[in-house]
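Working notes, structure below.
The values are calculated or read from the model by the stated rules, or taken from the named source; none is laboratory data. All figures in this text were calculated on a predicted structure; none of them were measured in a lab. Heads up, the Cβs are rebuilt from the backbone with ideal geometry, glycines too, and the neighbour counts pull from every protein chain shown.
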Amino acid sequence: MDRPTVRPVPQPTLASADFWAAGADGELRIARCGDCSAYTHPPPPRCRSCRSPAMSMTPVSGRAVVAGFTVNAQQWLPDLPPPYVIAIVILDEDEGVRLTTNIVNCDPGDVHVGMRVRVLFEKAGEVYLPLFEPDPGRPEPPGPVPGPPARRPVPRPMATTRKFEDAVALTGVGQSAVGRRLMVDPLSLTVDACLDAIADAGLTPDDIDGLATYPGPGPGGMSEGGVMALEEALRLRPTWVNGGPETPGQIGSITSAMLAVAAGLCRHVLCFRTVWESSHAALVRSGRWHVPDGPATGMMEWRLPFGAASAANWIACQASHYFHRYGDDRETLGWIAVNARRNAARNPEAVYREPLTMDDYIAARMISSPFGLYDCDVPVDGAVAVIVSAVETAADLPGPAVLVEAAGTQITERLSWDQDTLTHLPQSLGPSAHLWSRTSLRPGDVDVAELYDGFSFNALSWLEALGFCEFGEARSFIDEGRGIALDGRLPLNTHGGQLSAGRTHGYGFVREAMLQLRGEAGDRQVPGARVAVVTAGGGVPSGALLLRADG
């Protein structure tokens, strides 16, 4: 007997309660400004266009157009069996208002970008979930969807000619054991990486006067406990600490450390990042770790009720829109995955090193279309640590320092997975433009690129956002893997990236860039590498660093 479908329910807040209750009378309601008439979603306290407080929940037609979608094939939730379609739909009333939802009452294979749909409601507890179905009253042609970015974002001008980047150097890097289901206390992994980085810099623990991490205390598998836990373990007595998730990507914690050093708060900041997702998942499956049930809150309020439990689902919607817009296909993503595996074969630390062919990639099971198994990064246990030092101390340290040419941190889009950029990974365009505004170097000066690849489409988005090729031209730039190979025009993710080396969540890219610029990357070394670009953040918010060899 089939199990009934039981959706996770959202937790209505003081701001969102009217939205979730609206379906009781069969009408979709969206926040609308009484002054300029603009709609905004999710419901805000002020209008997104004119900042007026005159917002009220207003009935809309309930008609929309599919702007991006994914057919989810992965069992993320126990009572919501796949396959099902997750989509971003754009309301007819305002193209700037989108809902993440499900497309129902049709074959998943019939869903396409531009499909005209209409709302219907499903009651879940005390709330009404807006789902969408094909609109028989509005047949083809397809409805309009937003076009590609008119131009790259124009960042704010530099606030001062004095660059904080010039005041710092990356003097040490360390890594713990990295692997699948290590079943090791995550704090011990952190300590191993941190002591390794301190020794690599030629320092002692007593020299460390700052600590920075991402995300601080976090949900299961994503943190060892943050600054408080590490300080208890090592007793470093820092003069400055920082930890939190709201930074320019995971490496935003490194950028924060640079700012602290440049401001004179400290001279040697120990930055660290630890994950133990693989062991955590095993503990949950065995029943040794209990994950509490409860309504969906925060950003998941708008996603989990529709089965959009993973970033794989959210980013897949952007990938489908990119394919619709630029006429590309999965093979372009496949070459990113195949290239990562080729590089990982040269990296003795990589989790997966066995050969991967395009045939293997295409034949792999689907996770959330267009993403198959090899489009998704590998959850692991491991820690990486980086030392940020005052640049004037570098000459007295035994190892080669890596200098910071520029940091890209500016936000130019809505910090949302569905309300702004659809053609690329959200929040990749702004940091990329900001990065180049802080340096005279250009994309052609970069010798190696370590670009966040939580999913293959992330790396594609960063390639285009950073200007290594124009929007929609990644296919020709990648050139069936030749353009991004170790001996190609832009060696990409030389250690295997997160797709094959393991998901060390941003910090692993900084480590690999440092090894490349120091000439210490072994069999995967790019000859003469002098400039490297690093990005982190598989969505919002994100950031970028441009690093260069000393001397």
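Counting only residues that are under 22 Å from residue 198 (Cβ atoms) and part of a strand (DSSP E or B), how many does the range 252-300 have?
The number of residues fulfilling the criteria is 9.
Among all residue pairs at least 6 apart or on different chains, which show Cβ distances below 8 Å where the first residue, located in the range 355-383, is in contact (Cβ under 8 Å) with a residue 60 or more places away in the chain and the second is part of a loop (DSSP other than H, G, I, E, B) and aromatic (Phe, Trp, Tyr)?
The qualifying pairs are 378/352.
Right, residue 230: of a type outside the set (Ser, Thr, Tyr), farther than 23 Å from residue 266 by Cα and assigned by TED's automatic domain parsing to the domain that holds residue 249 or not?
On the way: of a type outside the set (Ser, Thr, Tyr): yes; farther than 23 Å from residue 266 by Cα: no; assigned by TED's automatic domain parsing to the domain that holds residue 249: yes.
The answer is no for residue 230.
Report the residue count in the range 227-246 for those that are part of a loop (DSSP other than H, G, I, E, B) and surrounded by 15 or more Cβ atoms within 10 Å (Cβ to Cβ).
Taking the range 227-246 as the starting set, the residues that turn out to be part of a loop (DSSP other than H, G, I, E, B) are 235-239, 244-246.
The next check asks that each one be surrounded by 15 or more Cβ atoms within 10 Å (Cβ to Cβ); those that pass are 236, 238, 244-245.
Final tally of qualifying residues: 4.
For the range 260-306, how many residues are farther than 18 Å from residue 7 by Cβ and not polar (S, T, N, Q)?
Step one: filter the range 260-306 for residues farther than 18 Å from residue 7 by Cβ, giving 260-290.
Still in the list and also not polar (S, T, N, Q): 260-273, 275-277, 280-285, 287-290.
Counting residues in the range 260-306 that are farther than 18 Å from residue 7 by Cβ and not polar (S, T, N, Q) gives 27.
Considering (1) modelled with pLDDT of 95 or more; (2) among the hydrophobic types (A, V, I, L, M, F, W, C); (3) farther than 30 Å from residue 185 by Cβ, say which one residue 395 fails and leave the rest.
(1)
So residue 51 clears everything in (1) assigned to a loop (DSSP other than H, G, I, E, B); (2) touching a residue at least 12 places away in the same chain (Cβ under 8 Å) except one condition, right? Which one?
Among (1) assigned to a loop (DSSP other than H, G, I, E, B); (2) touching a residue at least 12 places away in the same chain (Cβ under 8 Å), residue 51 violates only (2).
Which number in (1) of a type in the set (Val, Ile, Thr); (2) buried (at least 17 other Cβ atoms within 10 Å of the Cβ); (3) out of contact with any helix residue (DSSP H, G or I) (no Cβ under 6 Å at 6 or more places or on another chain) marks the one condition that residue 367 misses?
If we test residue 367 against (1) of a type in the set (Val, Ile, Thr); (2) buried (at least 17 other Cβ atoms within 10 Å of the Cβ); (3) out of contact with any helix residue (DSSP H, G or I) (no Cβ under 6 Å at 6 or more places or on another chain), just (3) comes out false.
Please pick out the residue among 336, 362 that is of a type in the set (A, V, I, L, M) and surrounded by fewer than 23 Cβ atoms within 10 Å (Cβ to Cβ).
362
Inside the range 428-454, can you point out the residues that are touching a Phe, Trp or Tyr at 6+ places or on another chain (Cβ under 6 Å) and among the hydrophobic types (A, V, I, L, M, F, W, C)?
451
Is it the case that residue 404 is part of a loop (DSSP other than H, G, I, E, B) and either on the phi < 0 side of the Ramachandran plot or not assigned by TED's automatic domain parsing to the domain that holds residue 73 (or both)?
No: the conditions fail for residue 404.
If you take the residues of the range 35-55 that are among the small types (Gly, Ala, Ser) and under 14 Å from residue 93 (Cβ atoms), which of them is surrounded by the fewest Cβ atoms within 10 Å (Cβ to Cβ)?
Step by step, filter the range 35-55, then rank; the result is 37.
For residue 212, indicate whether it is crowded, with 22+ Cβ neighbours inside 10 Å, assigned to a helix (DSSP H, G or I) and either assigned by TED's automatic domain parsing to the domain that holds residue 518 or aromatic (Phe, Trp, Tyr) (or both).
No; evaluated as a whole, the condition is false for this residue.
Just one of the numbered conditions (1) under 30 Å from residue 163 (Cβ atoms); (2) of a type outside the set (A, V, I, L, M, F, W, C); (3) surrounded by fewer than 21 Cβ atoms within 10 Å (Cβ to Cβ) is not true of residue 461; which one?
(3)
When you check residue 326 against the structure, is it out of contact with any Pro (no Cβ under 9 Å at 6 or more places or on another chain), in contact (Cβ under 8 Å) with a residue 24 or more places away in the chain and surrounded by fewer than 20 Cβ atoms within 10 Å (Cβ to Cβ), yes or no?
no
Does the range 347-360 contain any residue that is within 21 Å of residue 313 (Cβ to Cβ) and at pLDDT 95 or above?
No, because not a single residue in the range 347-360 is within 21 Å of residue 313 (Cβ to Cβ) and at pLDDT 95 or above.
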